[in-house]
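Structure first, then comments.
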Amino acid sequence: MSLWGATAGVATLIGPLAGGVLVGHLGWEWIFFVNVPIGVVGLGLAVWLIPTLPTHRHRFDLPGVVLSGLGMLLVVFGLQEGQSHHWAAWIWAVIVAGIGFFTAFVYWQSVNRDEPLVPLEIFADRDFSLSNLGVAVIGFVVTAMILPVMFYAQVVCGLSPTRSALLIAPMAVASGVLAPFVGRLVDSAHPRPIIGFGFSVVAIALTWLSLDMTPTTPIWRLVLPLTAMGVGMAFIWSPLATTATRNLPPHLAGAGSGVYNATRQVGTVLGSAGMAAFMAARIGDEMPAAPAGTAPSEPAVLRLPSFLHEPFAAALSQSMLLPAFAALFGIIAALFLLGGLTVRPAGSAVDDEITDEIPVYDDGYDDDDYLEYLVDREPDYHPVFDEPDDETEQIDWGRPAEAPPAVREPIGWAHNGFHVDDAEFGVHLEPLDGLRREPEAEPPSRHRLTDAGEPRRARHYRDEVDESETYGRHSQRHLD
């Protein structure tokens, strides 16, 4: 997913670069023709590289396709044609109708019990929902900022379409070079600071670019904020793609990735339409009114007289603030990402791998201060070895003639396996009701007192020269 996100991000930036070359050398019509050979190559690669996987028959959600298509068509059409029709009442009616179709689409997906086009249950994952918001925002931002930059470079700076497209080359290079490193970073770090940093850099870079878009700004100063924007987008594309489907169950991963990709394209379309309308409104406010009865053609617009460069640049500079403001929504989405903190439902496969939290004790807690209770599941009788080792005292497994009733004691502080005096550690052990056993059922215990009333020595006890009593090589004799 990180590789996919990096590729999508670089492709989104290289598209305008290729478009500038086509427009400058072959004509604007070729921006549509070029998709034919690219599509043919894509189909050939799909047949060659995509493996044949087991599939299942699915139902086609025709009402969902129709409702979503009509909603997108009406909203985009209203945004693109609103300025040219002076935002007439019927334009607003078209936009409202598109929103209504979108609402009907969501309702249909919620009541469709067969196989909806978009299973709404995937939006129960907060990271998936916020990642979709983030990718829609970055799609909106990238598409929206390209249009004023290209007009500014050609009209105000006098660059050709190809040279204008080369302005964004540093942005594409920075994003492509950093994307693999960021993709590995998101595997070991929380996506919240990574994605938040990316959107913050993008918002700052766009604001910086807006301030520098004046008729007297040298070209090299435009390269700096554009490069910074490429750095910011490197911290957005890959982490968003990885975070979107990380927590989705396998049977919803396909639908999730499809919705994520569609959301990116929706943001791109809305960015293009929204920027076209907003930029046209700013140009209409800043530029002097054209003489009555004239309708300047596109070539006339691209060859403005020098005294109109300043108001035209001001309109484009103000238009750049729209994607800068939209990037703030990406920062908000990043703030609420859960990352790896998603709570799994009880009984899930991942939940079985989670163990109880280990308590941490402060105030000088020593891991030697614990009790060990050994449960012997062997038969009560054990043979007594006749030849004990010379250096190790043999444990007598025989049962005393009269042993007191055994009482199971609750586990207190954990210990390293040797005897601990209750009074020394302040542990008061009370017998538990219902856990008493008869003497004959008592298992051998390595902590039982000897007949003389003294604790048994450890199995690996070695006589010392000074005959001082010890309780194992890792324990020291307790001093009163």
Legend entry - Diffusion coefficient, µm² s⁻¹, Stokes-Einstein with Kirkwood Rh over alpha-carbon pairs of segment 160-214 at 4 °C and 1.567 mPa s: 98
Inset, instruction - Give me the distance in nm between label points sitting 7 Å out from Cα along the Cα-to-Cβ direction at Glu121 and Val36, one decimal. - result: 4.6
Legend entry - Solvent-free Debye scattering, log10 I(q)/I(0), computed from the Cα coordinates of segment 1-112 at q = 0.09, 0.19, 0.20, 0.21 Å⁻¹: -0.47, -1.10, -1.08, -1.06
Legend entry - Residue-wise HN-Hα coupling along segment 38-49, computed from phi with Karplus coefficients 6.51, -1.76, 1.60 (Hz; x: Gly, Pro): 5, x, 5, 5, x, 5, x, 5, 5, 5, 7, 9
Inset, instruction - State in Å² the accessible area per residue of segment 133-254; use a 1.4 Å probe, count heavy atoms of protein chains only, and round to the nearest integer. - result: 36
Inset, instruction - Mind ranking Glu310, Glu286 by accessible surface for me, highest first, 1.4 Å probe? - result: Glu310, Glu286
Legend entry - Percent carbon-and-sulfur accessible area, segment 121-192, ignoring ligands, DNA and RNA, probe 1.4 Å: 67
Inset, instruction - May I ask you to give the percent of accessible area on segment 7-51 that is carbon plus sulfur, with a probe radius of 1.4 Å? - result: 82
Inset, instruction - Sort 215-228, 148-161, 68-81 for me by packing, meaning the mean count of neighbouring Cβ atoms within 10 Å per residue, highest on top. - result: 148-161, 68-81, 215-228
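The values are calculated or read from the model by the stated rules, or taken from the named source; none is laboratory data. These figures come from a predicted structure and were not determined experimentally. Note that we place each Cβ from the backbone using ideal geometry, even for glycine, and neighbour counts take in every protein chain shown. With ligands, DNA and RNA removed, areas are computed over all heavy atoms of the protein, side chains included. Shrake-Rupley method; radii C 1.70, N 1.55, O 1.52, S 1.80 Å.
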